Amino acid sequence: MSGMDVKELRIIGFLCNWCSYGGADSAGVARYKQPTDMRIIRLPCTGRMDPLFVLKALLGGADGVLVSGCHPFDCHYTSGNFYARRRLQVLKSYLPVLGIHEDRFEYTWVSASEAAKWQSVVTAFTDRIHELGPAPRLLELEDMPLRFKEGMDIWPS
Amino acid sequence: MAELNELREAVAKVLPDVKHVIGWQRGYHAVRSSPLFIRNQEDLDKLIWDRTCYQNLASYLTSTRGERVGIIVKGCDSRSVNQLLQEQLINREDVVVIGVPCTGVISLDKIRAKFPINRVKDMQVEGDELTIATRDGEEHKLNRWDVAPDKCLACKYPNPLIFDTHVGEPIETWEPKQGLYARDEEFDQKSLDERFEFWRREMSRCIRCYACRNACPMCVCRDHCIAESRQPHYQSQEADVREKFFFQLIHAMHLAGRCTECGECERACPMDIPVLLFKTRMGKVVKDLFDYEAGVDQTAVPPLLTFQAEESNIEEKEW
């Protein structure tokens, strides 16, 4: 199933200005066919990528989040993607704790010249999110009573 | 447990060189303690040292930065001091650490679950047996292991890892009662949907009082916490489940590789939300990925503040 012939889901892509954003741009210029589910946000570097951006997106209604930056050793700022790799891997391993499928988030490396690779990455990721379906939503619980700790000694007796 | 007199002597010795020494005093009933800032002999007489000294006093260290203070630490608390030193949030020469070996404290929450403790009059301790008398004339006999916090059940560091003065003899590390927190294992059995539902229900009770954050020794941003910042406006002030959940995730992510699992967040929570679970699960992720435990080695660099060009436990993605 391709992302192109079904209803769109919400996918957020965080792309590094120096590599993947250029790669995605080249893919567009070269008129490679791509699914249209992804909204792209441009980052100065994946080192700017706070794992909280991903969580904010996922809790805010995104069905999938993709982060893409420069290949290791190719970072414009030397080491931004190395820091990013640790943070993003921690986040990815942590998502199941929250009850969110870890496949909803992915990070990868695509350089500015890899237009074809960008096309395959975005297609594969979109397909994967479509397979998972819409993400679970956080809805307000109306039947939850507000209760303090039982026997809480708020005042001394 | 080490003798109180020995501890008093140790505190008296460092008192002239510091602004204050942080310790514990009796709270407003026999099962409660509250922090004590010792400045003179009069304060020193109030000092206590028993199973009710559960609070991690390291939380106060960052607010007295630049002044020389003393602090009394248990084994687990010493990890927090270590971690603060590792991140250079406090200076080593500014803090005098008085270490006491600890055989475990008791949890107010667990006692509360057994009977309402706002009528406590007196507590007697005999070995592992606690006798708590209430004003209603009732006596409750408890085994201390039944009311020990989870962190004591899984304790690996009863002796302080860092100290200038050591009070009493180091005690033998006992076999942890459980390898991993039993509660966490139970949580791991849940499916993804069950976990999501679990957090949705738990977080909906949160009142966003920020007690968990304020009690945390590693939460040092204070007025600059991004949960309250307007510039950038990271999180709305609304109290819906999403914002409350997100706040806890801010806390958990900012403590990745730093949390020493002292449990202050959960102890401070007035709504009985198992917020420590966020951090212990994060601790496991960090342990698996980087083989790192926070606050154990004073010279180590926290794993998210560094990197390796070739990561041994992170696989490169093939697309």
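Overview of values
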item: Of all residues making up the range B:99-122, the number that are within 14 Å of chain A (Cβ to nearest Cβ), in contact with a strand residue (DSSP E or B) (Cβ under 8 Å, 6 or more places away or on another chain) and either closer than 15 Å to B:His29 by Cα or modelled with pLDDT under 85 (or both); result: 7
item: So B:Lys121, is it within 30 Å of B:Val14 (Cβ to Cβ), among the basic types (Lys, Arg) and surrounded by 13 or more Cβ atoms within 10 Å (Cβ to Cβ); result: no
item: B:Ala227 being within 11 Å of chain A (Cβ to nearest Cβ), over 23 Å from the mean Cα position of the chain (by Cα) and of a type in the set (A, V, I, L, M); result: no
item: All positions within the range B:236-264 that are on the phi < 0 side of the Ramachandran plot, assigned to a loop (DSSP other than H, G, I, E, B) and under 21 Å from the mean Cα position of the chain (by Cα); result: B:Leu255, B:Ala256, B:Arg258, B:Cys259, B:Thr260, B:Cys262
item: Residue under evaluation A:Arg137, criteria (1) at pLDDT 90 or above; (2) farther than 22 Å from B:Trp319 by Cα; (3) in a loop (DSSP other than H, G, I, E, B), criterion not met; result: (1)
item: In the range B:285-319, the residues that are more than 8 Å from chain A (Cβ to nearest Cβ), touching a residue at least 24 places away in the same chain (Cβ under 8 Å) and charged (D, E, K, R); result: B:Asp297
item: Any chance B:Arg79 is touching a Leu at 6+ places or on another chain (Cβ under 8 Å), at pLDDT below 90 and more than 14 Å from chain A (Cβ to nearest Cβ); result: no
item: Filter result for the condition that a residue is more than 10 Å from the chain's Cα centre (by Cα) and either buried (at least 22 other Cβ atoms within 10 Å of the Cβ) or of a type in the set (Val, Ile, Thr) (or both), over A:Gly23, A:Gly61; result: A:Gly23
item: The range B:162-201, residues that are touching a helix residue (DSSP H, G or I) at 6+ places or on another chain (Cβ under 8 Å) and basic (Lys, Arg); result: B:Lys177, B:Arg183, B:Lys190, B:Arg195, B:Arg200
item: Residues satisfying the stated conditions in the range A:96-110, i.e. more than 7 Å from chain B (Cβ to nearest Cβ) and surrounded by fewer than 19 Cβ atoms within 10 Å (Cβ to Cβ); result: A:Glu102, A:Asp103
item: Of all residues in the range B:286-307 being of a type in the set (A, V, I, L, M) and either within 15 Å of A:Ser93 (Cα to Cα) or in the same structural domain as B:Leu85 (by the TED database) (or both), the one that is surrounded by the most Cβ atoms within 10 Å (Cβ to Cβ); result: B:Val286
item: Selection from the range B:273-307 of residues that are among the hydrophobic types (A, V, I, L, M, F, W, C) and assigned to a loop (DSSP other than H, G, I, E, B); result: B:Ile273, B:Val275, B:Ala294, B:Val296, B:Ala300, B:Val301, B:Phe307
item: Among (1) modelled with pLDDT of 90 or more; (2) at the interface with chain A (Cβ under 10 Å from one of its Cβ atoms); (3) part of a loop (DSSP other than H, G, I, E, B); (4) over 30 Å from B:Arg112 (Cα atoms), the one test that B:Pro270 misses; result: (4)
item: Inter-residue pairs, beta-carbon under 6 Å, first within 14 Å of chain A (Cβ to nearest Cβ) and surrounded by fewer than 20 Cβ atoms within 10 Å (Cβ to Cβ) and in the range B:25-53, second hydroxyl-bearing (Ser, Thr, Tyr) and in a strand (DSSP E or B), 6+ apart; result: B:Gly27/B:Ser33; B:Gly27/B:Ser34
item: Residue in the range A:64-79 that is closer than 23 Å to B:Ser191 by Cα and surrounded by 22 or more Cβ atoms within 10 Å (Cβ to Cβ) present; result: yes
item: Selection status of B:Arg79, in a helix (DSSP H, G or I) and either outside the structural domain of B:Tyr28 (by the TED database) or in contact with a helix residue (DSSP H, G or I) (Cβ under 8 Å, 6 or more places away or on another chain) (or both); result: no
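The values are calculated or read from the model by the stated rules, or taken from the named source; none is laboratory data. The model shown is predicted, which means the values in this text are computed figures rather than measured ones. Note that each Cβ is placed from the backbone with ideal geometry, even for glycine, and that neighbours are counted across all protein chains shown.
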